[in-house]
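Heads up, the thing below is written out as structure tokens.
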Amino acid sequence: MRIRCGYEISYDVRQPSPLILMLNIHPDRNADLLGPDEVSFDRPVDRTDYRDMFGNRCLRVFAEPGPLLIMNDFVVSDTGLPDDYAPDAEQHAVEHLPPEALVYLLGSRYCETDKMSDLAWSLFGNARKGWPLVQAIVDYAHDRVTFGYQYARSTKTAFEAHQERQGVCRDFAHLGVTLCRCMNVPARYATGYLGDIGVPPVDDPMDFSAWFEVFLGGRWYTFDARHNKPRIGRVVMARGRDATDVAIVTSFGDCSLSGFKVVTDEVPG
């Protein structure tokens, strides 16, 4: 299948501002591109591409004051298969984990393992390790938190989402990541495109989505605590410890979001 992805994001830049953009798909999906995946602007800006410590594609921009429109529109090929399901995937003992997975056991800005460890062990200490443990965590987060765009707050942590029992997709992901790390399962935050493909469409405006990945059986698997079922057409943009590492735009100046539109649709044929 083919999926059209893209966005139009507008900013009001009030002073000369450096920006870091994370708006390309992840290099893991480059081979699936059916055309260029290039961020464009409605006026000239200084720009430099680089890869961050997690392997994400990033763009450094310097924007002069004034309105700024950031755009992209591309098509990517996809298998059309749902997220992998591996109920027998085993959990690694910490001492046997590859070194690159260890950072995903640690607490981070939005994932306070220190605050949630006792709760996690009281809830999941008797669960069978591996896939069943992670699925129990996903079930808990899915049932614990009520989704609603009105519940979005950029500073909300996993602990706060758990206490408030409300949030958006990033809060579901942060809670799942945190509880998995508490139970010695490496977990990383992921963001990207997830359209209404293979499911009944909803009336809410399209947005980027967040989910998480865990390391089991020698590889990473996708889990989604908000939807809690395998989905079709996921296109990852970036991965990191939590939302801090994969913000679509990080500004170092006086600028504010003034418009936001995301497209994720299956292309016929």
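Observations on the structure shown:
- Unique residue being surrounded by fewer than 17 Cβ atoms within 10 Å (Cβ to Cβ), out of contact with any helix residue (DSSP H, G or I) (no Cβ under 9 Å at 6 or more places or on another chain), of a type in the set (Gly, Ala, Ser) and within 30 Å of residue 156 (Cβ to Cβ) when the list is 80, 130, 125: 125
- Cross-chain or 6+ apart pairs with Cβ under 9 Å, segment 24-50 first and in contact (Cβ under 8 Å) with a residue 24 or more places away in the chain, then in a loop (DSSP other than H, G, I, E, B) and among the aliphatic types (A, V, I, L, M): 24/39; 32/25; 33/25; 37/25; 39/23
- Annotation note: of 95, 64, the sole residue that is modelled with pLDDT of 95 or more, of a type outside the set (Lys, Arg), loosely packed, with under 14 Cβ neighbours inside 10 Å and closer than 25 Å to residue 125 by Cα is 95.
- Residue check, residue 85 surrounded by 14 or more Cβ atoms within 10 Å (Cβ to Cβ) and of a type outside the set (A, V, I, L, M, F, W, C): no
- Applying the condition of being outside any helix (DSSP H, G or I) and more than 12 Å from residue 181 (Cα to Cα) to segment 98-118 and asking which residue is farthest from the chain's Cα centre (by Cα) yields 98.
The values are calculated or read from the model by the stated rules, or taken from the named source; none is laboratory data. Everything quoted here is computed from the prediction, not taken from an experiment. No Cβ is skipped: glycine too gets one built from the backbone with ideal geometry, and neighbour counts run over all protein chains shown.
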